[in-house]
Structures are given as C-alpha cells and as structure tokens.
1. At 222 nm, what helix-only mean residue ellipticity would the chain give, in deg cm²/dmol to the nearest 500, using -39500 (n - 2.57) for each DSSP H run of four or more?
2. Can you pull out the trypsin sites (Lys or Arg not before Pro) in the stretch 131-214 that DSSP calls coil and that have at most 12 other Cβ atoms within 10 Å?
3. Would you work out the charge dipole size for the stretch 371-457 about its Cα centre, treating the Cβ of every Lys and Arg as +1 and the Cβ of every Asp and Glu as -1, and quote it to the nearest 20 debye?
4. Where the accessible area of the stretch 281-392 is counted over protein heavy atoms with a 1.4 Å probe, how much of it, in %, is carbon and sulfur?
5. Taking the Cα centre of the chain as origin, sum charge times position over the Cβ atoms of Lys and Arg (+1) and Asp and Glu (-1), and report the length of that vector in debye to the nearest 20.
6. Which of the lysines could a cross-linker span from Lys161 if the Cα-Cα distance has to be under 18 Å and same-chain partners fewer than 8 positions apart are dropped?
7. For the chain, with every protein chain kept in place, what is the accessible area per residue (1.4 Å probe, Å²)?
8. To the nearest 10 Å², what's Ile84's accessible area with a 1.4 Å probe?
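The values are calculated or read from the model by the stated rules, or taken from the named source; none is laboratory data. Since the structure is predicted, the reported quantities are computational estimates derived from the model, not experimental observations. Every residue, glycine as well, gets a Cβ built from its backbone with ideal geometry; the counts of neighbours run over all protein chains shown. These accessible areas exclude ligands, DNA and RNA; they are computed on the full protein's heavy atoms, side chains included. Shrake-Rupley method; radii C 1.70, N 1.55, O 1.52, S 1.80 Å.
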Amino acid sequence: MGEKLKRIQNKGMQQKVVTAEEAAAWIQDGMTLGLSGFTRAGDAKAVPTALVKRAEEGESIKVNVYTGASLGSNIDKLFAEAGIVNKRIPFQAEPSMRKAINAGEHLFVDQHLSHTSEMLRGDAMEAVDYAILEAISITENGYIIPSTSVGNSVAFAETAKNIIIELNTAQPMELEGMHDIYSPGKQGDRDPIPLKEVDQRIGKIGIQVDMDKIKGIVFTHQPDSPSTIVPPDEETQNIANHLLNFFREEIKAERLTEKLMPLQSGIGSVANAVLHGMLDSEFKDLTVYSEVLQDAVFDLIDAGKVSFASACSITLSEEKMNHVFNNLADYQNKLVLRPQEISNHPEIIRRLGLIAINTALEFDIYGNVNSTHVGGTKMMNGIGGSGDFARNARLGIFVTKSIAKNGDISSIVPYVSHTDHTEHDVDVIVTEQGYADLRGLAPRERVPQIIENCAHPLYKEALWEYYQEALERGGQTPHILEKAFSWHSSFREHGTMRPAVPQV
C-alpha cells in the first residue's frame with residue numbers, strides 16, 4: 001500500500017482509501033452515476049463491477065448511467081445483463097446493451113457528445129449523485145490527473161454531489177502532463193474559449209474539484225480494454241484512395257495545401273483505415289483535432305506525417321497500446337488530451353477549419369445520412385460526436401462501403417430510414433466506388449453525383465429508376481413517398497434490397 005499511496009500526493013486524501021465494495025455500497029437504487037471513460041479508454045472499472053455484483057447477489061437496484069462515450073472492461077455488458085440500468089447517456093457500443101435498448105428494457109438518450117456537459121450544468125438532466133473517475137494520481141494541490149481519457153469527467157466532477165476516484169496503477173504515470181483541462185463554465189457566463197492552434201494549451205494539468213466532495217479513493221490495477229478495430233481491407237483502401245484524390249483536387253483548386261487542415265476522424269475500423277491510407281501519401285506536417293486517437297494516428301506520428309494530435313481519448317489495439325505506452329516519452333510533446341466539450345466544441349471546430357471524416361450506416365440520393373439506426377428503428381451505437389463535427393467543420397465528409405451483407409444491403413438508398421445528418425451538413429460522401437462532392441449543389445444536382453460515383457453497380461439502375469419516377473411528381477426534392485422506404489421493407493421481408501430479376 002505504501003507504494004500505491006505515493007499516487008496520492010495530497011496527504012489529507014490518503015485517509016479516504018476504501019475498497020471497491022465499500023464504495024459501491026454507497027450507491028443506492030434510483031441514483032445517477034457519472035462514469036469516466038470514452039471509447040474503451042480511461043473508464044471506471046472496479047466500482048461499477050462491484051455494483052454489478054450486488055445485483056447478481058439478488059439486490060434490486062437500477063441507476064442512470066452517464067459517461068463520455070462507450071465503456072471498456074465489459075462494464076456496459078455487465079450492466080445490461082444484470083439489468084441495473086434505467087437510463088444510459090450519451091453513447092454505447094456494446095452488443096448486450098444494444099439488444100437491451102432495442103428491446104425496450106432500458107432507456108437510451110442518444111446525444112451529441114458536446115451536449116451532455118451543457119445539459120448537466122444547465123440542470124436539464126438528473127443530477128449526478130456519484131461521479132466515479134479513473135485517474136493516475138492526485139497532486140499535492142488537489143488536482144485529479146486523468147488517465148487515458150478525459151471525456152465528461154470535468155463536468156461530472158463539477159456537478160456531482162459526491163466523487164469516487166479510482167486510481168489505476170496499471171496506467172502509466174507518464175500520462176501526467178498530457179492533459180489540458182479547461183472548463184468553459186456555465187452558458188451565459190463564460191468567455192470565448194481561447195484556443196487558436198491544435199497544439200495550444202489553455203487549461204490545467206488536471207481536474208480541480210472541491211476536495212470535500214471526494215468521498216472515497218479506490219485502487220485498481222487493470223489496463224484499458226483494447227479497441228476492436230479490424231485491419232484495413234481492399235475496400236477501405238479504395239475509400240482512402242478516393243478521399244486522397246479529393247484532397248488532391250482541393251489542392252489543385254488552391255483550397256488546401258499538402259498540410260491540409262486539422263483532421264478529425266470518427267471511431268471504428270473504416271474511419272481508422274481511411275486515415276491509415278494516408279501513410280503512403282504525399283501529405284505531410286498534418287495535425288489532428290479529434291475525439292479519439294486510434295492506431296492510425298500513431299502510425300502517422302511514427303511515420304513523421306502527423307506533427308501533433310489533440311483529442312479526449314486514446315483508444316488502441318493491444319499491440320499498438322503496448323508500443324505507445326511503453327514509449328510514452330516519445331509522444332509527450334506531440335499529444336494533448338482535453339475534455340470532450342472542448343474537443344467537440346462547435347466554436348473551435350469552426351475556428352480551426354477542421355476536415356471531419358465520419359462513418360455512415362447509409363445515405364440517400366440527396367445526401368442525408370443515417371449513422372445510428374439499422375432499418376430506421378434499431379439503435380446501433382449512437383450519433384457520438386459526428387454531428388458536432390459535421391455541422392461545424394470546414395469539410396463534413398462521410399465514408400462507408402457501398403454495400404453490406406454480401407450485397408443484400410445497399411448503403412445508398414432512395415431515402416434514409418433515419419436521419420442523423422441532414423443534407424445541409426454533408427459536404428462529401430465517399431465509398432469504395434468513388435466520391436461525390438456535394439458542396440453548392442441543389443438536390444437535383446446531387447443525385448447523379450451520388451448514384452454514378454458512390455453507388456454499387458448492383459443498385460445503380462434501380463436508384464435511377466426510382467429517381468426518374470420521382471421526377472414525374474416534381475418538387476424541390478423529388479420523392480415517391482409510398483416507395484421511399486420500399487428498399488428497407490424488402491430487406492426486412494425478403495432478406496435483400498436487390499431488385500427482383502424479371503421472370504422469363
């Protein structure tokens with residue numbers, strides 16, 4: 001214990017060390033928890049697990065669970081299977097929880113990731129009873145030093161009635177100094193956020209809290225869960241190549257240089273693979289201003305392509321995690337971790353002129369994007385930060401493969417079954433077939449760009465047939481309302497969107 005206590009440099013706090021079971025016993029039915037963690041990184045681990053154990057032993061308990069984004073360490077899975085969730089906010093990516101949400105077993109509020117902190121400060125949601133925050137240390141002057149993510153931890157700490165800190169000794173102390181903790185304060189009583197450069201620091205090294213709110217400190221020793229991304233494939237490489245060609249055209253038009261503009265990339269295998277495709281390109285001296293730093297960003301840093309990266313979380317595969325965390329000194333002057341309300345802040349995104357690259361489930365012939373709901377009703381993960389970035393970025397780019405389920409699903413449809421990003425926020429869409437630059441195009445001008453450049457050959461003719469029939473109805477945005485969702489209905493009823501082959 002003596003070695004562990006060195007992580008609590010504030011001597012007065014050393015008396016607050018408790019077990020995870022003791023801390024979990026303070027949580028009562030109906031409470032609201034604010035858990036640190038953003039996309040499987042820096043998540044609270046021990047106390048949530050101890051809470052699940054209470055439920056497994058027969059205690060009836062339900063809580064609201066707020067986080068930064070998805071959790072690792074199977075926490076969302078354990079929560080869902082134990083049935084202890086009343087309401088989950090603002091993002092998740094776990095199959096068991098997804099199943100429970102779609103079955104109506106608990107509620108899910110799908111929020112823009114920059115909004116949760118604002119709603120908490122504005123008292124627009126249930127107040128946090130306990131903030132449970134992972135950290136690497138507590139400084140002598142009382143700063144909580146986060147681990148591999150910041151997420152919503154600042155807002156949770158500021159607004160919570162009580163705080164439990166999980167000091168994770170598996171997280172490297174070299175993370176100290178990588179955080180830039182800036183709290184904007186309440187709306188209507190705040191200054192402009194003074195961030196003008198990606199590598200600028202405007203805040204503190206840790207989270208400053210009312211020390212009287214810290215009820216307990218729990219020691220843990222458990223690495224983050226590795227990310228679940230899969231390696232790039234031929235199709236994602238083609239998507240990357242088309243995107244790089246788009247950038248080259250922008251350079252020819254003198255709208256960009258080889259430094260491009262600060263890059264944002266959403267989570268997941270496709271977005272990671274698209275960034276990975278820049279490794280062998282001519283682009284250089286790049287910067288990243290994003291939510292999550294995945295494997296590809298570190299590959300680009302190692303290759304000398306990226307000079308600096310800012311985010312609110314580091315989420316890596318097991319191999320890359322071992323490499324990065326064993327060589328953190330090599331990255332300390334190239335990385336910064338911020339609260340997600342800063343990494344995703346519209347004012348900063350607009351000021352820095354970001355190029356935002358996010359993943360779509362499907363988009364339609366006019367450029368509306370569905371990124372959350374399969375078949376229009378079944379939640380996948382959530383909108384995450386894609387809306388924060390797409391609406392405010394210099395370039396809002398969405399990428400996806402043109403087909404899924406071995407061609408039985410077309411990712412380009414007449415009308416999206418659920419709209420997360422309207423045509424107004426979508427500048428460029430890219431599939432392995434090509435890209436469509438939609439900037440400055442009226443709805444009728446977008447259609448040929450999308451069908452000819454992005455749709456899979458299996459579905460081009462059917463898309464044209466739908467549009468030609470819709471034109472006969474007229475309108476600014478021509479549609480056949482009784483057929484607009486027929487492709488989704490066909491998949492639900494027959495297992496495929498493919499047009500029927502005429503009988504001879």
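1. Values: 17 runs with 149 residues, N = 504.
One gets -8500 deg cm²/dmol as the mean residue ellipticity at 222 nm.
2. Working: sites: Lys161, Lys186, Arg190, Lys196, Arg201, Lys204, Lys213; in loops: Lys161, Lys186, Arg190, Lys196, Arg201.
Within the stretch 131-214, the qualifying trypsin sites (Lys or Arg not before Pro) (loop, at most 12 other Cβ atoms within 10 Å) are Lys186, Arg190, Lys196.
3. Details: 8 positive and 10 negative charges, 22 e Å.
With only Lys, Arg, Asp and Glu charged at Cβ, the dipole is about 100 debye.
4. Values: 1490 of 3270 Å².
Looking at the stretch 281-392 in its full context, I get 46 percent from C and S.
5. Values: 48 positive and 68 negative charges, 139 e Å.
I would put it at about 660 debye.
6. Lys16, Lys186, Lys213, Lys215
7. 40 Å²
8. 0 Å²
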